[in-house]
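Below is one structure, written out as structure tokens, with a few remarks after it.
The values are calculated or read from the model by the stated rules, or taken from the named source; none is laboratory data. On a predicted model such as this, the values are computed, not experimentally measured, just so you know. Because the Cβ atoms are built from the backbone with ideal geometry, glycine has one as well, and the counts that use them run over all protein chains shown. Calculation scope for accessible area: heavy atoms of the full protein, side chains included, ligands and nucleic acids excluded. Shrake-Rupley method; radii C 1.70, N 1.55, O 1.52, S 1.80 Å.
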Amino acid sequence: MASKTFANLAPAKQNRIRQALLTEFSQHDLADAQVARIVKQAGIARGAFYKYFDDLTDAYNYLYHFALLDLHNSAIKAHRLLSADEYTQEVANFLDRVNTSPYASLVKRHFMVNEALLCHQESRLRPVSPVEWGVMTLVHQAIKDGLTRPDQEQVVITRLRTVLKALLAKENKNVFGN
């Protein structure tokens, strides 16, 4: 993630660098991205880039997480299971926000290409129940399907709602002994 040096930059300079990152990572896969194009657009020295980020992957991760935080302005923040209808509404809302945001190309490229490039990276997963893991996996896949096949978005949302209702009904049955 971005260094403390980056965090201490004036907001206008941070925005200029973020915009250069957004342009680069929206137009090029992570494997084809170039520091040279980023620093030229941002108007910074190559050495400064490496003071702010360890490498291109670090810069990409910073930008992608920044974008997700911006896109998730109302999204699932509760650490509890929601209803199937709430999850599907959140997915539909997220897809709408992505498609009308400046991050649309970045997020689509992430799901289509960059996610696979990053999957080898070690990540720390918070412990979750099997049902929570299932919900997260289904939601993630639904977002990916909705972004990569926008013509099928309603089918994806309907399928997600149906599967989540079954999964969460089974979980509620186990919890409440019905």
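A compact table of results
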item	result
Any chance Asp29 is closer than 19 Å to Met112 by Cα and surrounded by fewer than 20 Cβ atoms within 10 Å (Cβ to Cβ)	yes
Residue match in region 93-110 (condition: modelled with pLDDT under 90, surrounded by 15 or more Cβ atoms within 10 Å (Cβ to Cβ) and not charged (D, E, K, R))	no
Any chance Asp32 is within 16 Å of Ser105 (Cβ to Cβ), of a type in the set (Asp, Glu) and touching a residue at least 24 places away in the same chain (Cβ under 8 Å)	no
Residue check, Met136 at pLDDT below 90, within 13 Å of the chain's Cα centre (by Cα) and more than 30 Å from Leu9 (Cβ to Cβ)	yes
Total residues in region 1-33, condition under 12 Å from Tyr60 (Cβ atoms), not acidic (Asp, Glu) and not in a helix (DSSP H, G or I)	4
Members of region 1-26 that are among the β-branched types (Val, Ile, Thr) and open to solvent by 20 Å² or more (accessible area, probe 1.4 Å)	Thr5, Thr23
Residue within region 60-69 that is modelled with pLDDT of 90 or more, over 20 Å from the mean Cα position of the chain (by Cα) and open to solvent by 50 Å² or more (accessible area, probe 1.4 Å) present	no
Qualifying residues in region 144-162 (those that are modelled with pLDDT of 95 or more and β-branched (Val, Ile, Thr)) - the one farthest from Leu95 (Cα to Cα)	Thr162
Residue count, region 32-59 (criterion: of a type in the set (Phe, Trp, Tyr) and open to solvent by 20 Å² or more (accessible area, probe 1.4 Å))	1
